[in-house]
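The values are calculated or read from the model by the stated rules, or taken from the named source; none is laboratory data. Quick caveat: nothing in here was measured; it's all calculated off a predicted structure. Glycine gets a Cβ as well: all are built from the backbone with ideal geometry, and neighbour counts include every protein chain shown.
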Amino acid sequence: MTEIEQFRQRLAAGALSTGQESQLGAANLSPARREASLERLASLINARGFSGDTAGRQLLIDASRGLDAIAPGAAVPLTSAMRVGIEAIIHADGSRPSVMTCNDSIDALDPTLGSWQVRLLQEPVQLRKVIRAVARISIVSAIPERPIRTVGTGFLTETGLLTNRHVLQCIAVPDNQAPGQWRFHEGVIIDFGAERARTEPLAPRALPVRVLECGPDEIGQTSNPALLDLALIEVQADTAAVALPAFLEIERDSASLHSGKNVFAVGFPVRPQPGTEGGQILLRLFGDVFEVKRVSPGLVDLVHGQLVGDSNPPRCFSHDASTLGGSSGSCIVDLEGSWKVIGLHFGGRSGVRNLAHELACVQ
């Protein structure tokens, strides 16, 4: 699937989609949908307080030009500014939202939920269970301006906290005195209640005990589907007063995964670095609120066996839920009935093709 086809697919599930536009792989947006999506973006820009800025006006222009560029038959190449404009629409009109949680739930009236509202809220008890089981993994920093640094996400399974090996590498080092063992750094914080406006008290926290298993290879800066970017950590509650949340069930039937499957991720996107992810534009569209728990729905793209560079036997799939750095280690949950965890998000190109290990294929 080309980049333009991926943009079309992600826009096809927007809040304003009807008929063919709501189907996977919709070829185009109707004129009415196009204008309505631009109006939604304009409203969000206004709500974030930069409608009068040159940046706000230019973003709308770039978004409009980007939609023109991905229309069938268009011969205009996509520019970086157009890509940011399309990403802004996708965030604003409910195509691929990233919704903050509060007290282990989401706001049913959040305007960016769009057509995902019904699917995400159809089983509120199940959604609450998933949200509760996801933790922010961070470490105490020596930088005064940022005393706590988020390094990734993890979630509870029956045997421990599941995350990525590259997240583990940020909080621990291999123990040279004991091959196969790891030593955790001081100040590791595993927080299941890291929300923006949590009012319920006593959110559980955990402490790492030991690494139960992890991928055999060191993970570098670039996502590599051939490597197993997985780590399972034994954890314990940091106080006897608050028990850890219930664990999430893993889907072990690989046949349940298919292209176009409705899924969602739960994780902790961090502030994008300057010059990435549209830089200051995304900062402002997200309300400059990062490192808090978010729910991000999307669709499965390629299934195992279809991704170039996957391992042999294959164990990866791709999805298009909205993620940023910090989302590494997010659970990818089935939104079509089972509410089981089907994947472990580990990287990719945010907003275009994200990579996850299919847990049914991981031995």
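One residue is enough: does the stretch 330-351 have a residue meeting the conditions polar (S, T, N, Q) and at pLDDT 95 or above? Walk me through it before giving the result.
Restricting attention to the stretch 330-351, the residues satisfying the condition of being polar (S, T, N, Q) are 330, 338, 350.
With at pLDDT 95 or above added as a condition, the list becomes 330.
Yes, the stretch 330-351 contains a residue that is polar (S, T, N, Q) and at pLDDT 95 or above.
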Counting only residues in the stretch 81-137 that are out of contact with any Asp or Glu (no Cβ under 6 Å at 6 or more places or on another chain) and polar (S, T, N, Q), the one surrounded by the fewest Cβ atoms within 10 Å (Cβ to Cβ) is identified as Q122
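Looking at G193, G154 in this structure, which one is of a type outside the set (A, V, I, L, M, F, W, C), closer than 15 Å to R136 by Cα and part of a loop (DSSP other than H, G, I, E, B)? Before the answer, list the steps.
Details: G154 fails: part of a loop (DSSP other than H, G, I, E, B).
Step by step, each of G193, G154 is checked, and only G193 is of a type outside the set (A, V, I, L, M, F, W, C), closer than 15 Å to R136 by Cα and part of a loop (DSSP other than H, G, I, E, B).
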G337 outside the structural domain of N224 (by TED's automatic domain parsing) and surrounded by fewer than 20 Cβ atoms within 10 Å (Cβ to Cβ) = yes
